[in-house]
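Student: Questions regarding the structure given below will be posed in turn.
The values are calculated or read from the model by the stated rules, or taken from the named source; none is laboratory data. Keep in mind it's a predicted model, so treat the numbers as computed, not measured. Reconstructed Cβ throughout: ideal geometry from the backbone, glycine too, with neighbour counts over all protein chains shown.
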Number of protein chains: 2
Amino acid sequence: MRIVVALGGNALLERGETPDAEIQEHHVLTAVEALVPVCRDHEVVLTHGNGPQVGVLALESESDPALSHGYPIDVLGSETQGMIGYWFLQALENAVPERRFATLICQTIVGEDDPAFSNPSKFVGQVHTKEEADELARQRGWEMRPDGKAWRRVVPSPVPRELVELPVIRALLEADITVICAGGGGIPVVRGADGRLSGVEAVIDKDKSAALLAEELKAEALLILTDVAAVEVGWGTPEARPIREISIAGLRAMDFPAGSMLPKIEAACSFVEATGGFAAIGRLSDASELLAGTAGTAILRR
Amino acid sequence: MRIVVALGGNALLERGETPDAEIQEHHVLTAVEALVPVCRDHEVVLTHGNGPQVGVLALESESDPALSHGYPIDVLGSETQGMIGYWFLQALENAVPERRFATLICQTIVGEDDPAFSNPSKFVGQVHTKEEADELARQRGWEMRPDGKAWRRVVPSPVPRELVELPVIRALLEADITVICAGGGGIPVVRGADGRLSGVEAVIDKDKSAALLAEELKAEALLILTDVAAVEVGWGTPEARPIREISIAGLRAMDFPAGSMLPKIEAACSFVEATGGFAAIGRLSDASELLAGTAGTAILRR
């Protein structure tokens, strides 16, 4: 079965953790442990978030104006694709030596006319106090918004329209190679009137890119892995209970708060609607069970 | 013709330049201009250095101990593969839209017993004054050595033994995809007694990796592109004159100072000796002429 697996950037770096390499590498090992049975038995394309990592590199690239000016987000995104992609590549090669893996640097085309550019909404990087946030907004021109009790930088999150390296991903799958790609939803680029690609300052929603990837690759399943066990009815209330199985229509009729779950639900629905395939949302450590339908939330066509 | 092209890291960042993204992207565009005819007419594998870029990221990743501890060199290497690989990917896609390109994250296995680990010799990162160098050695435990009139950090440069992603590179070439890979000579890893790969703090000589890559891929030519027009007899003296064509034996009989040219010569000789193929060393902007034998230094088997 061809499966696209989407992993949250927070799976590698939990809130409040120091963004050291060793800490993230440890999380990668845990993630890979959960992914081994899926990678062993299926044709997998693994994609991952990079929000926390881009934020750290953004801060560091601006840390010493005598050394360099801050790097644009597309370039920071390419660095995180290399770094996170390397960690997964090595961990998967070690865990599943009978298979071949490839980490591919990938660009995703967004529309220059996407309304997201006038309304930045995607959180990236470290959490800050209100005072730090005001200072960063003043000093660096960043747009800062509250995220829970803390403050974080926000950047535009345009809709992914086209995955530039899709033919390369297809060629690798045809050669029976498991692909790690489109990290952070892909490096955001626009195609100009002259047909040329160029990077833009944005972060693409990795779940939307994963859905696009799964659709374009005609995958049979899309697994969206996160740190909660399932989508819940009455989330955040004492009556909260997990949804084991729901139709697109059922899911769309419910009211989810904007936040990290909503884009996952939208991505799963979009994939199921477009392909009739199987989508599930749940905990990373339950990856195999999600695929078997014994854990998480399965999204059905009807 | 299958050709491995090796590009110096200094091609993207000249000595004394600010390591801003924009400056390096500009150099990439210039490099790609020179590579277009070669990429259009041949089956190319492009590899590149990353010394200056790893050095900058190393400094930045240690810039704020409250944010993160310094990242290990293998991880910094993976970031530069992503970043430089992205720049070349996009620039090549724009310049040669009729071809497909892929940037691959690549690991290179070195020996844990390599003598280089007890004798660090590879310059990385920024140039420093003697005083700054002493301070960095004291503060960060770096080994610092003089490089011309300036001082720079040195790290071990073990010999590349095996390219982990070689089968993936082959699969891409078979699918008629031009490959950008093994940046910085590949991310340095060792294979433990249990068969597992793990990263090590080293920088692999990209020219040696390029020669290994060219040998393993049975390339017909290896182009080593740098910022000098040719290998010279009497280099650095008033009698210096470029060598247009020389045999391995002739080249090996000459006395070259340790420095950036010697590893290029050794890599070219190693490739020609192992395969009987064609190798040339010369200026990046002369790439096509090097291949035609009308510029640079051609290294012949006998």
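Student: Filter the range A:1-32 down to residues that are in a loop (DSSP other than H, G, I, E, B) and surrounded by 17 or more Cβ atoms within 10 Å (Cβ to Cβ) and give me whichever is farthest from the other protein chains (Cβ to nearest Cβ).
Tutor: Here is the first cut: in the range A:1-32, the ones in a loop (DSSP other than H, G, I, E, B) are A:1, A:8, A:12-20.
Restricting the remaining residues to those that are surrounded by 17 or more Cβ atoms within 10 Å (Cβ to Cβ) gives A:8, A:12-13, A:19-20.
Numbers: A:Gly8: 19, A:Leu12: 12, A:Leu13: 10, A:Pro19: 5, A:Asp20: 5 Å.
Residue satisfying both the conditions and the ranking: A:Gly8.
Student: Right, next: So A:Gly195 clears everything in (1) within 14 Å of chain B (Cβ to nearest Cβ); (2) touching an Asp or Glu at 6+ places or on another chain (Cβ under 7 Å); (3) exposed (fewer than 15 other Cβ atoms within 10 Å of the Cβ) except one condition, right? Which one?
Tutor: Single failed check for A:Gly195: (2).
Student: Does the range B:202-209 contain at least one residue that is within 14 Å of chain A (Cβ to nearest Cβ), out of contact with any Lys or Arg (no Cβ under 6 Å at 6 or more places or on another chain) and on the phi < 0 side of the Ramachandran plot? Break it down into steps so the answer makes sense when it comes.
Tutor: First pass over the range B:202-209, keeping only residues within 14 Å of chain A (Cβ to nearest Cβ): none.
No, the range B:202-209 contains no residue that is within 14 Å of chain A (Cβ to nearest Cβ), out of contact with any Lys or Arg (no Cβ under 6 Å at 6 or more places or on another chain) and on the phi < 0 side of the Ramachandran plot.
Student: Does the range B:246-265 contain any residue that is in contact (Cβ under 8 Å) with a residue 24 or more places away in the chain, under 17 Å from B:Leu46 (Cα atoms) and buried (at least 24 other Cβ atoms within 10 Å of the Cβ)?
Tutor: Yes, the conditions are met somewhere in the range B:246-265.
Student: While we're here: Collect the residues in the range A:204-226 that are outside any strand (DSSP E or B) and closer than 19 Å to A:Thr294 by Cβ, keeping them in residue-number order.
Tutor: At the first step, the residues of the range A:204-226 found to be outside any strand (DSSP E or B) are A:204-220.
If the condition is that a residue be outside any strand (DSSP E or B) and closer than 19 Å to A:Thr294 by Cβ, then A:Glu220 is the only one that fits.
Student: Are any residues in the range B:140-153 surrounded by fewer than 20 Cβ atoms within 10 Å (Cβ to Cβ) and either under 23 Å from B:Ala210 (Cα atoms) or in contact (Cβ under 8 Å) with a residue 40 or more places away in the chain (or both), and if so, which ones?
Tutor: Across the range B:140-153, the qualifying residue is only B:Arg140.
Student: If A:Ala133 meets every condition in (1) within 7 Å of another protein chain (Cβ to nearest Cβ); (2) surrounded by fewer than 24 Cβ atoms within 10 Å (Cβ to Cβ); (3) touching a Phe, Trp or Tyr at 6+ places or on another chain (Cβ under 6 Å) apart from one, which number is that one?
Tutor: (1)
Student: In the range B:288-302, which residues are touching a residue at least 60 places away in the same chain (Cβ under 8 Å) and either in a helix (DSSP H, G or I) or more than 14 Å from B:Ala268 (Cβ to Cβ) (or both)? Explain how you work it out, then say what you get.
Tutor: Just the residues of the range B:288-302 that are touching a residue at least 60 places away in the same chain (Cβ under 8 Å), to begin with: B:288, B:290-291, B:295-297.
Within the range B:288-302, B:Ser288, B:Leu290, B:Leu291, B:Ala295 meet the criteria.
Student: Any residue at all in the range A:111-134 that's in contact with a Leu (Cβ under 8 Å, 6 or more places away or on another chain) and among the aliphatic types (A, V, I, L, M)? If you could, list the steps in order and put the result at the bottom.
Tutor: Going residue by residue through the range A:111-134, those that are in contact with a Leu (Cβ under 8 Å, 6 or more places away or on another chain) are A:125-126, A:128.
Next cut, among the aliphatic types (A, V, I, L, M) only: none.
Taking every residue of the range A:111-134 in turn, none turns out to be in contact with a Leu (Cβ under 8 Å, 6 or more places away or on another chain) and among the aliphatic types (A, V, I, L, M).
Student: Evaluate the following for A:Thr297: is it over 24 Å from A:Cys106 (Cα atoms), in contact with an Asp or Glu (Cβ under 8 Å, 6 or more places away or on another chain) and polar (S, T, N, Q)? Please lay out each step first, then the result.
Tutor: Numbers: over 24 Å from A:Cys106 (Cα atoms): yes; in contact with an Asp or Glu (Cβ under 8 Å, 6 or more places away or on another chain): yes; polar (S, T, N, Q): yes.
Yes; evaluated as a whole, the condition is true for this residue.
Student: Being modelled with pLDDT of 95 or more and under 14 Å from the mean Cα position of the chain (by Cα) narrows it down to one residue among B:Leu173, B:Leu213, B:Leu166; which is it? Walk me through how you get there before you give the answer.
Tutor: Details: B:Leu173 fails: under 14 Å from the mean Cα position of the chain (by Cα); B:Leu166 fails: under 14 Å from the mean Cα position of the chain (by Cα).
Unique residue meeting the criteria: B:Leu213.
Student: So in the range B:60-97, with the set limited to residues that are more than 7 Å from chain A (Cβ to nearest Cβ) and at pLDDT below 95, which one is surrounded by the fewest Cβ atoms within 10 Å (Cβ to Cβ)?
Tutor: So the residue we want is B:Ala66.
Student: Could I ask something else about it? As an exercise: evaluate A:Ser285 against (1) small (Gly, Ala, Ser); (2) touching a residue at least 40 places away in the same chain (Cβ under 8 Å); (3) over 24 Å from A:Ala31 (Cβ atoms) and give the number of the one condition it does not meet.
Tutor: For A:Ser285, the exception is condition (3).
Student: Is it fair to say B:Thr47 is of a type in the set (Ser, Thr, Tyr), more than 12 Å from every other protein chain (Cβ to nearest Cβ) and buried (at least 19 other Cβ atoms within 10 Å of the Cβ)? Show your work before the answer.
Tutor: On the way: of a type in the set (Ser, Thr, Tyr): yes; more than 12 Å from every other protein chain (Cβ to nearest Cβ): yes; buried (at least 19 other Cβ atoms within 10 Å of the Cβ): yes.
Yes: the conditions hold for B:Thr47.
Student: Consider B:Val124 carefully, then state whether it is surrounded by 23 or more Cβ atoms within 10 Å (Cβ to Cβ), modelled with pLDDT under 95, closer than 25 Å to B:Val154 by Cβ and out of contact with any His (no Cβ under 8 Å at 6 or more places or on another chain). It would help to see each step written out before you state the result.
Tutor: Numbers: surrounded by 23 or more Cβ atoms within 10 Å (Cβ to Cβ): yes; modelled with pLDDT under 95: yes; closer than 25 Å to B:Val154 by Cβ: yes; out of contact with any His (no Cβ under 8 Å at 6 or more places or on another chain): yes.
Yes: the conditions hold for B:Val124.
Student: Further question: Could you check the range A:169-200 and list, in sequence order, the residues that are closer than 16 Å to A:Arg2 by Cα and out of contact with any Cys (no Cβ under 7 Å at 6 or more places or on another chain)? Before you say what the answer is, go through the steps one by one.
Tutor: Within the range A:169-200, the first condition is being closer than 16 Å to A:Arg2 by Cα, and the residues that meet it are A:169-181.
Selection gives A:Arg170, A:Ala171, A:Leu172, A:Leu173, A:Glu174, A:Ala175, A:Asp176, A:Ile177, A:Val179, A:Ile180.
Student: Something else now. Name the residues in the range A:95-139 that are under 16 Å from A:Thr178 (Cα atoms) and free of Cβ contacts under 8 Å to residues at least 40 places away in the same chain, would you? I'd like the intermediate steps shown before the answer.
Tutor: Residues of the range A:95-139 under 16 Å from A:Thr178 (Cα atoms): A:95-106.
Within the range A:95-139, just A:Pro97 meets the criteria.
Student: Let me ask another. Scan the range B:256-273 and give yes if some residue there is of a type in the set (A, V, I, L, M) and not in a helix (DSSP H, G or I), otherwise no.
Tutor: Restricting attention to the range B:256-273, the residues satisfying the condition of being of a type in the set (A, V, I, L, M) are B:258, B:261-262, B:265, B:267-268, B:272.
If we keep only those that are not in a helix (DSSP H, G or I) too, we end up with B:258.
The answer is yes; a qualifying residue exists.
Student: All but one of (1) closer than 22 Å to A:Leu76 by Cα; (2) more than 11 Å from chain B (Cβ to nearest Cβ) hold for A:Gly184, so report the exception by its number.
Tutor: Here A:Gly184 clears every test but (2).
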